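Asks: Before anything else, here's the structure in question.
The values are calculated or read from the model by the stated rules, or taken from the named source; none is laboratory data. What you are looking at is a predicted structure, and each value in this text was computed from that prediction instead of being measured. Here the Cβ positions follow ideal geometry from the backbone for every residue, glycine too, while neighbour counts run over all protein chains shown. Side chains included, ligands, DNA and RNA excluded: accessible areas come from the protein's heavy atoms. Shrake-Rupley method; radii C 1.70, N 1.55, O 1.52, S 1.80 Å.
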There are 2 protein chains.
Amino acid sequence: MSTVGKAISLLELFNVDEPELGLSDLARRSGFDKATTRRLLIALAGRGFVEQDAGTRHYRLGAGLSRLARIREARFPFLQTAVPLVRELAASTVETVHLSEFGVDRLVTVHVEHPAWANRVNVDIGQLLPLHSTASGIAYLAFARDETVKACLAGSLDAFTAHTLIEPVAISRSMGEARARGYSICDQGYEEGVISVAAAIRAADGFALGTIAVAAPKARTTAAAIAERGLAVMEAAREISIRLNGETLQTLRRQA
Amino acid sequence: MSTVGKAISLLELFNVDEPELGLSDLARRSGFDKATTRRLLIALAGRGFVEQDAGTRHYRLGAGLSRLARIREARFPFLQTAVPLVRELAASTVETVHLSEFGVDRLVTVHVEHPAWANRVNVDIGQLLPLHSTASGIAYLAFARDETVKACLAGSLDAFTAHTLIEPVAISRSMGEARARGYSICDQGYEEGVISVAAAIRAADGFALGTIAVAAPKARTTAAAIAERGLAVMEAAREISIRLNGETLQTLRRQA
DNA sequence: AAATAACGGTTCAAATAATGAACCAGCCAA
DNA sequence: TTGGCTGGTTCATTATTTGAACCGTTATTT
């Protein structure tokens with residue numbers, strides 16, 4: 001692994017539940033030597049990618065990341081554009097709505113709206129979603145580049161529940177249905193008792209760049225609710241796509 | 001320079017005006033060999049810190065940065081907390097209001113609200129502000145740790161205009177006034193014709209973690225307006241500090 | 001249309017930076 | 001005191017990074 005990759009994998013040890021970690025902890029979890037870990041942290045701290053708490057001496061993600069993320073957002077105003085529509089959808093469905101963006105080989109959760117229910121589906125910001133076993137993933141694959149689809153189906157596909165589809169053929173069929181229907185449905189493919197619908201948000205070239213999804217406990221979800229939500233999520237994704245790409249709707253007509 | 005530092009300095013070549021750069025361009029600007037530049041980019045792309053445009057083959061900042069930045073925000077809800085107050089202040093002053101966070105040895109602009117005026121002070125998101133020659137910087141130093149102040153005054157201090165204070169003694173005096181007054185004033189210290197006021201946003205330990213500032217063309221700014229804005233910016237900073245730290249106001253009473 | 005220049009990308013011996021076992025010193029609980 | 005934990009440091013060994021020269025393509029320029 002490259003040194004840069006090691007440094008980044010240190011950053012990836014932080015998450016919303018454990019936003020601050022000590023040196024020994026980081027070394028243990030990363031598998032790197034303590035000296036190595038520390039030198040990497042110093043390099044990262046020198047550029048503001050991590051900060052060290054003056055009191056506890058623990059490390060946390062730094063302001064330099066926010067800076068770069070905001071520069072990216074200025075070019076790709078994905079969040080800014082999508083969040084209002086995520087809110088709307090959350091208000092009308094009264095279920096968890098989450099927004100994700102593609103990164104490397106997964107979807108990254110970039111925004112979530114939770115309903116007031118005690119029994120709800122919980123998704124964290126920053127959470128990574130696999131492509132083959134979530135509604136978002138299938139919706140993404142339905143409009144992804146061929147090479148992305150191939151890379152996904154070529155890898156080993158984890159079965160998260162008894163319902164997870166892991167045969168490439170079955171997943172391809174699911175993608176095809178999602179493409180035809182305009183939205184994907186995932187019935188307990190990632191977690192038992194959770195049913196989700198999702199639609200792809202598409203760039204100007206017609207390929208997916210992210211997704212919007214509604215996730216709910218299966219116990220209180222009827223088939224009619226799924227169909228209704230599917231249309232709503234599709235409409236939201238379409239609206240976000242249009243706002244992102246100006247009015248160049250015709251380029252969105254591309255079929256993979 | 002460490003390999004990690006090199007990789008990060010590649011990321012830092014991107015800004016809001018040039019959010020996409022080609023390989024040769026990146027190599028030229030960074031001073032690294034083209035092969036080195038490319039290997040670093042591949043390592044960064046592998047973790048989603050940069051993305052390559054499929055068409056132009058140019059690189060841009062990636063979604064992985066947004067992911068980590070959002071994890072940080074979940075712990076340190078600085079933006080979320082401060083932006084509404086920045087908007088309020090922008091509405092009432094009808095001048096440029098910018099919010100910054102400390103990083104390494106500078107202030108990082110994380111949010112800006114511009115007024116509708118054609119003649120206004122323009123600040124970009126991601127822009128870096130020096131500590132000694134801006135209202136934000138002085139406000140920050142006034143409530144910074146001693147070692148930060150020392151490190152700042154020890155370095156070589158650029159004179160950006162004829163008005164820039166570059167003697168440590170003069171800067172210290174300016175800091176003292178800001179501390180006593182509750183806000184700093186910077187009269188054309190960074191750019192000719194621009195006058196700013198700023199106040200420090202403080203963490204639970206009483207030390208500054210960022211600033212909020214109002215910047216305006218000097219031509220239309222009266223002394224009375226400065227005094228009024230100073231009080232407003234101070235009040236906004238105080239409100240943000242309180243919201244960030246719960247109601248632990250007493251800890252904010254610390255005097256450096 | 002030919003020539004040129006600039007582009008992104010690749011190779012491999014040589015140079016340089018990363019590595020980690022062993023080492024502090026400080027803190028806390030038994 | 002002991003023992004075990006913490007964050008942090010050192011330096012000979014080792015493995016990674018480096019860059020001149022290379023390729024094939026894609027605009028420009030003549």
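Asks: Report Rg (one decimal) and Dmax (nearest whole number) for region B:14-58, counting Cα atoms only, units Å.
Replies: Gyration radius and largest Cα-Cα distance of region B:14-58: 10.2, 26 Å.
Asks: Just to check I understand the Karplus step: with θ = phi - 60° and J = 6.51 cos²θ - 1.76 cosθ + 1.60, what whole-Hz values come out for region A:104-115, glycine and proline as x?
Replies: Karplus values, whole Hz, x for Gly and Pro: 6, 8, 9, 9, 9, 6, 10, 7, 9, 10, 9, x.
Asks: I'd like the carbon and sulfur percentage of the solvent accessible area for chain B, probe radius 1.4 Å, heavy atoms only, ligands and nucleic acids excluded.
Replies: 52
Asks: Now, a different point. Which residue, A:I8, A:F207, B:A159, has the largest displacement toward the positive end of the dipole of the protein assembly as shown when charges sit on each Cβ (Lys, Arg +1; Asp, Glu -1)?
Replies: Of A:I8, A:F207, B:A159, it is A:I8.
Asks: Distance between Cα centroids, region B:178-236 to region B:56-83: provide it in whole Å.
Replies: 27
Asks: Whole-Å semi-axes of chain A's equivalent ellipsoid, largest first, each the root of 5 times a Cα gyration tensor eigenvalue?
Replies: Taking √(5λ) for each eigenvalue gives 34, 20, 19 Å, largest first.
Asks: Sorted by accessible area with a 1.4 angstrom probe, largest first, how do A:D124, B:D146 fall?
Replies: Sorted by accessible area, descending: B:D146, A:D124.
Asks: Might you report the magnitude of the Cβ-based charge dipole of chain A about its Cα centre, with Lys and Arg at +1 and Asp and Glu at -1, to the nearest 20 debye?
Replies: Magnitude of the dipole: close to 620 debye.
Asks: Among B:A199, B:A151, B:A180, determine the one that fluctuates most according to a GNM of chain B built with springs between C-alpha atoms less than 10 Å apart.
Replies: Highest fluctuation of the listed residues: B:A151.
Asks: Shifting gears a bit: Which helices pass in chain A if a helix is a full DSSP H run, must span at least 27 angstrom along its long axis by Cα, and must have mean Kyte-Doolittle hydropathy not below -0.5?
Replies: A:223-244
Asks: Can you give me the pair-distance distribution of the protein assembly as shown, C-alpha pairs, 20 Å bins, whole percents?
Replies: Once binned at 20 Å, the Cα pair distances of the protein assembly as shown give 21, 51, 25, 2.
Asks: Would you kindly compute the Cα radius of gyration of region B:71-112 and its largest Cα-Cα separation (Dmax), both in Å?
Replies: Values for region B:71-112 (Cα only, Rg and Dmax): 11.4, 33 Å.
Asks: Once you've got the GNM for chain B with C-alpha springs shorter than 10 Å, pick whichever of B:L41, B:L129, B:L153 has the biggest mean-square fluctuation.
Replies: So, out of B:L41, B:L129, B:L153, the one fluctuating most is B:L41.
Asks: What residue among B:S100, B:S172, B:S156 has the largest mean-square fluctuation in a Gaussian network model of chain B, using Cα springs under 10 Å?
Replies: For chain B, modelled as a Gaussian network with Cα springs under 10 Å, the answer is B:S156.
Asks: Grab the other residues whose beta carbon is less than 14 angstrom from that of B:F32, score K and R as +1, D and E as -1, and report the net.
Replies: Within the 14 Å Cβ shell, the charges total +3.
Asks: Lys and Arg at +1, Asp and Glu at -1: add these up for the other residues within a Cβ distance under 10 Å of A:A216 and post the number.
Replies: So the environment of A:A216 carries a net charge of +3.
Asks: Leaving ligands, DNA and RNA out of it, rank B:T109, B:T56 by accessible area with a 1.4 Å probe, largest first.
Replies: B:T56, B:T109
Asks: With a cut-off of 8 Å between alpha carbons and a minimum separation of six or more residues, what is the relative contact order of chain B in percent?
Replies: In percent, rounded to a whole number, it is 15.
Asks: In nm to one decimal, list the spacings between the A:E192 label point and its equivalents in the other copies, with label points set 7 Å along Cα to Cβ, shortest first.
Replies: For A:E192, the other copies' label points sit at 7.3 nm, shortest first.
Asks: Can you tell me which lysines have their Cα less than 17 Å from the Cα of A:K6? Leave out same-chain residues fewer than eight positions away.
Replies: A:K6 reaches A:K34, B:K6.
Asks: Test of understanding: given chain A, find the longest segment containing no GluC sites (Glu not before Pro) that are in a DSSP loop and have at most 13 other Cβ atoms within 10 Å.
Replies: For GluC sites (Glu not before Pro) (loop position, at most 13 other Cβ atoms within 10 Å), the longest site-free span of chain A is A:1-191.
Asks: Next question. What's the magnitude of the charge dipole for region A:164-247 around its Cα centre, counting Lys and Arg as +1 and Asp and Glu as -1 at the beta-carbon? Answer in Debye, nearest 20.
Replies: So the magnitude is around 100 debye.
Asks: With the convex hull built on the Cα atoms of region A:1-112, state its orientation-averaged projected area in nm².
Replies: Spelled out: convex hull of the Cα atoms, projected over all directions, averaged, 8.8 nm².
Asks: On the full set of protein chains, 1.4 Å probe, figure out the accessible area of A:D33 and give it in Å² to the nearest 10.
Replies: Estimated to the nearest 10 Å², A:D33 gives 90 Å².
Asks: Please give the per residue accessible area of region B:76-253, computed with a probe of 1.4 Å over protein heavy atoms only, in Å².
Replies: Dividing the accessible area of region B:76-253 by its residue count gives 44 Å².
Asks: Just want to confirm a number: the relative contact order over region A:1-143, from Cα pairs under 8 angstrom separated by 6+ residues, in percent.
Replies: That works out to 14 percent.
Asks: Over the whole of A:104-117, what's the average partner chain Cβ count within 10 Å per residue? Rounded to a whole number, please.
Replies: Average per residue, whole number: 2.
Asks: Could you state how much accessible area B:H58 has, in square angstrom rounded to the nearest 10, with a 1.4 Å probe and all protein chains kept in place?
Replies: Counting only protein heavy atoms, the figure is 70 Å².
Asks: Could I ask something else about it? Add +1 for every Lys or Arg and -1 for every Asp or Glu among the other residues with Cβ under 10 Å from the Cβ of A:L23, and state the total.
Replies: +3
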